[in-house]
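Here the structure comes first, spelled out in structure tokens, and everything after it is commentary.
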Amino acid sequence: MQKASSETLLFAFFCLCSFAAAMAERDVLVGGVSEPLKENHSQDSIVAATKAVEQINAKPELLKTLGTDPGPVSLSKVLEVRTQVVAGINYYLTLELEHQGVPFQATMVVWSRPWLERANTQEEPYQVSKLERKEQAQ
């Protein structure tokens with residue numbers, strides 16, 4: 001029994017070291033927010049941005065936060081993406097949005113749990129948890 005415990009501990013230590021080495025290569029702090037991603041147009045970030053804009057347009061209180069009520073906003077461009085692994089992924093997005101032909105920037109945090117799309121639940125798989133209009137430099 002003692003031999004099995006030693007082998008189990010050694011295996012667990014090996015797995016932990018392998019995981020730490022893999023994360024070090026990616027410059028990812030587990031649970032921390034990533035540096036801005038070099039590729040802002042990944043499929044996942046585009047989906048998160050699109051779902052966020054859909055949610056903003058569906059909720060008048062979010063449109064008021066942006067100062068664009070009434071009327072919908074549209075996504076023009078994804079400017080910056082940072083991620084954080086939580087129970088899902090937090091996308092820290094800087095987007096260029098448009099309201100009635102006028103572009104502006106907004107920052108937001110979108111909590112993504114895409115597995116909820118396949119689950120029989122009322123919970124939203126993408127939730128805007130923070131939203132603000134970014135003031136343009138003059």
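The values are calculated or read from the model by the stated rules, or taken from the named source; none is laboratory data. Please read these numbers as outputs of a predicted model, since none were measured by experiment. In case anyone asks, the SASA skips ligands and DNA or RNA and just uses the protein heavy atoms, side chains included. Shrake-Rupley method; radii C 1.70, N 1.55, O 1.52, S 1.80 Å.
Quick look at the numbers
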{"item": "Relative contact order (percent, whole number), region 91-138, Cα cutoff 8 Å, 6+ residue spacing", "result": "36"}
{"item": "For region 74-85, Karplus couplings with θ = phi - 60° (6.51, -1.76, 1.60), whole Hz, Gly/Pro x", "result": "10, 7, 9, 7, 8, 8, 8, 9, 10, 10, 9, 7"}
{"item": "Nearby lysines by direct alpha-carbon distance to Lys134 (threshold 16 angstrom, same-chain neighbours under 8 apart not counted)", "result": "Lys64, Lys77"}
{"item": "Within the accessible area of region 86-138 (1.4 Å probe), percent carbon and sulfur", "result": "45"}
{"item": "Candidate residues Glu124, Glu80: accessible-area rank, largest first, probe 1.4 Å", "result": "Glu124, Glu80"}
